[in-house]
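So the structure is just underneath, and the comments pick up after that.
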Amino acid sequence: MKKLVAYFSATGTTENIAQTIAQLLECDIFEIVPRELYTKDDLDWMNPSSRSSLEMKDKSSRPEIDSSVIGMADYDVIILGFPIWWYVAPTIINTFLETYDLSGKTIIPFATSGGSDMGNTVEGLKLSAPESEFIEGRVLNNTSKADIAGWLRSLFLSFGIDQVKWQTMDHDEKNHQLFLKQKAMLQQFLANGAITQEQYDKSYGDMKKKMGYDD
Ligand SMILES: Cc1cc2nc3c(=O)[nH]c(=O)nc-3n(C[C@H](O)[C@H](O)[C@H](O)COP(=O)(O)O)c2cc1C
């Protein structure tokens with residue numbers, strides 16, 4: 001399962017989170033760079049005629065993007081990051097989604113904000129990629145690396161397991177598969193420094209208890 005972190009960030013906050021996610025998942029990262037960069041004045045939400053205000057008032061605005069993802073067809077999962085603007089994703093995210101054939105791909109949105117949550121953001125994005133599967137994303141404000149790791153672990157738990165075989169497994173087998181996947185992810189996070197040995201031991205212990213395993 002090939003993953004891509006794609007993000008737009010006007011002032012660097014979302015970029016930090018995007019980099020952490022890409023590092024944790026050891027996957028490719030792509031910055032959605034506007035053809036015309038947003039200036040401080042462009043971002044002034046107090047001004048009803050600033051560029052961002054005008055764009056966000058016009059749901060059909062599609063700010064241009066400067067470069068494109070090479071080999072998009074090869075990716076199965078896109079982890080898509082952006083700041084919340086006026087309670088939703090900036091319309092350049094719609095531009096991004098409409099640039100590619102994303103049918104059959106899984107899209108996992110994440111955002112940073114001044115306090116708003118995702119609200120109706122995902123509904124708006126779905127209109128630009130109707131053939132993709134959206135997973136309920138989340139806002140990652142003031143989130144530690146370990147918490148981001150925990151979120152990713154829960155997200156990817158059911159991924160990558162052969163769905164046909166899965167249907168034929170009994171409860172114990174399913175449990176075992178999930179256990180192995182969780183364990184592998186924890187080990188990966190420990191190996192790349194996302195969690196400490198202590199956090200690993202605790203998570204692993206909790207996981208064993210929850211799933212009723214000795215090992
Ligand atoms: C035009 C504009 C609109 C914004 N609207 C909201 C909003 O509706 N709710 C909110 O919590 N934060 C809002 N913010 C704050 C940003 O979501 C927040 O600062 C974000 O972390 C910036 O991410 P970035 O540094 O990656 O661009 C807005 C910021 C801008 C520039």
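The values are calculated or read from the model by the stated rules, or taken from the named source; none is laboratory data. Computed from a predicted model, the values in this text were never measured in an experiment. All Cβ positions, glycine included, derive from the backbone under ideal geometry; neighbour counts span all protein chains shown.
The table below lists the values:
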read-out	value
Residue check, residue 120 over 26 Å from residue 195 (Cβ atoms), in contact with a helix residue (DSSP H, G or I) (Cβ under 8 Å, 6 or more places away or on another chain), within 16 Å of the ligand (Cβ to nearest atom) and not acidic (Asp, Glu)	no
Residue that is farthest from residue 186 (Cα to Cα), among those in the stretch 104-156 that are assigned to a helix (DSSP H, G or I) and among the small types (Gly, Ala, Ser)	124
The lone exception for residue 98 - which of (1) in the same structural domain as residue 55 (by TED's automatic domain parsing); (2) over 27 Å from residue 38 (Cα atoms); (3) of a type in the set (Asp, Glu) it fails	(2)
Residue count, the stretch 12-38 (criterion: within 11 Å of the ligand (Cβ to nearest atom) and over 13 Å from residue 81 (Cα atoms))	1
Residues that are β-branched (Val, Ile, Thr) and within 12 Å of the ligand (Cβ to nearest atom), drawn from the stretch 75-92	84, 88, 91, 92
Residue list for the stretch 39-53, restricted to those being over 18 Å from residue 82 (Cα atoms) and not acidic (Asp, Glu)	46, 47, 48, 49, 50
The stretch 123-143: number of residues that are within 13 Å of the chain's Cα centre (by Cα), away from the ligand (no atom under 16 Å from the Cβ) and not charged (D, E, K, R)	2
Considering residues of the stretch 189-215 that are hydrophobic (A, V, I, L, M, F, W, C) and assigned to a helix (DSSP H, G or I) only, the residue farthest from the chain's Cα centre (by Cα)	211
The lone exception for residue 80 - which of (1) at negative phi; (2) part of a loop (DSSP other than H, G, I, E, B) it fails	(2)
Single unsatisfied condition, residue 106 versus (1) at pLDDT 95 or above; (2) away from the ligand (no atom under 16 Å from the Cβ); (3) not basic (Lys, Arg)	(1)
Test: residue in the stretch 32-50 that is under 17 Å from the mean Cα position of the chain (by Cα), farther than 28 Å from residue 191 by Cβ, in the same structural domain as residue 88 (by TED's automatic domain parsing) and surrounded by 20 or more Cβ atoms within 10 Å (Cβ to Cβ)	yes
Some residue of the stretch 54-65 being surrounded by fewer than 16 Cβ atoms within 10 Å (Cβ to Cβ) and either outside the structural domain of residue 99 (by TED's automatic domain parsing) or more than 26 Å from residue 127 (Cα to Cα) (or both)	no
Residues (in contact with a Phe, Trp or Tyr (Cβ under 6 Å, 6 or more places away or on another chain) and within 11 Å of the ligand (Cβ to nearest atom)) located in the stretch 54-74	56
